[in-house]
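Okay, so here's the structure we're looking at.
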Amino acid sequence: MRTADLTTAVDGHVAVLTVDRAAKRNAMTSAMWAAVPALLDELAADPRVRVLLVTGAGPSFCAGADIAELLGGPDPADPMAELRAHNLAAQAALRAFPTPTIAVVRGHCIGGGIELAASCDLRFTDDTGVFGVTPAKVGVVYAPAPTRALIDLVGPATAKYLLFSGELLDAAEALRTGLVDRLLPAADLDAEVRRFADVLATRSALSQRATKEIVGELMAGRDAGPVAAGWFTETIASGELAEGVAAFAGRRPPAFGWTGR
């Protein structure tokens, strides 16, 4: 499916959301941000999908928001209000996606690109990756939700360093700070991402979904006990735990069947 310079595809159990505006280094327009939640809803409803990859067309992941739109909103007192609303809704939809999500980063991952990547569960890059958060270069105030996501990855001091300066990090520095999880040679990135996605698809979707929700509760500073208790009950009722134990005892791969969303 294609809409507003975004494309989606499903290959087996792996869905791919591609920012497809290579001529502009995949800079995100307001219309593109607005289109993301519906595209993700469609993929989330597809029972084949066990893993979501988010990537960019061409040599860049996403160079940020389209600067030409920053002052183009209908409210002169806050011309970014509409763009900001679409941007935050897209990030929230990506964070809420029910299966594991991986940002696959090549080249520029700047501003809105960091927002997309930080909204994923994991981030893989190759040695062409270049990372930066640049609101101070254009006088933009970074919203609380992406600021929180950045702090969760790199800590408050490095988040301030990036937000204060707008300086760019190479892939090795991004790995050192925790901004990305894996750094691979460019020739190996696609194959390793697919290998890892295949591994994720063999694991319990119930366990993965529970992990996403429990981590989310803990990172928000809430008591995760009630959420975990519900999942403890579900792992028995669904038969997932029984299958996992039986497979381990029988020295065979498990055939997990939970598909709840």
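Derivation of every value follows stated rules applied to the coordinates shown; laboratory data play no part. Computed from a prediction, not measured in an experiment: that's the story for all the values here. Glycine also receives a Cβ, built like all others from the backbone with ideal geometry; neighbour counts cover every protein chain displayed.
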Counting other C-beta atoms within 10 Å, which of Ile102, Ile67 has the fewest, and how do the rest follow? Ile67, Ile102
Quick one: order His13, His108 by neighbouring beta-carbon count within 10 Å, fewest to most. His13, His108
Do you know the relative contact order of the chain, to the nearest whole percent, from alpha carbon pairs under 8 angstrom that are 6+ apart? 15 percent
Give me Cys120, Cys109, Cys62 ranked fewest to most by other Cβ atoms within 10 Å of their Cβ, as a rough exposure proxy. Cys120, Cys62, Cys109
Would you list, by chain and number, the aspartates and glutamates whose Cα falls below 17 Å from the Cα of Lys24, excluding same-chain residues fewer than 8 positions away? Asp5, Asp66, Glu69
In whole angstrom, note down how far apart the Cα centers of region 153-229 and region 4-78 are. 19 Å
The list [x] 137; [y] 118; [z] 147 gives values of volume of the Cα convex hull per residue in Å³, and only one came from this structure; which label was calculated from it? [x]
How much mean residue ellipticity at 222 nm does the chain get from its helices, if each DSSP H run of length 4 or more adds -39500 (n - 2.57) and you divide by all residues, to the nearest 500 deg cm²/dmol? -14000 deg cm²/dmol
Phi to ³J(HN,Hα) by Karplus 6.51 cos²θ - 1.76 cosθ + 1.60 over region 181-195, Hz, x for Gly, Pro: 9, 9, 10, 10, x, 4, 5, 9, 4, 4, 5, 6, 4, 5, 4
Spelling out what I want: for every residue of region 19-28, take phi, set θ = phi - 60°, compute 6.51 cos²θ - 1.76 cosθ + 1.60 (Karplus), and round to whole Hz; glycine and proline get x. 7, 10, 9, 4, 5, 10, 6, 6, 4, 8
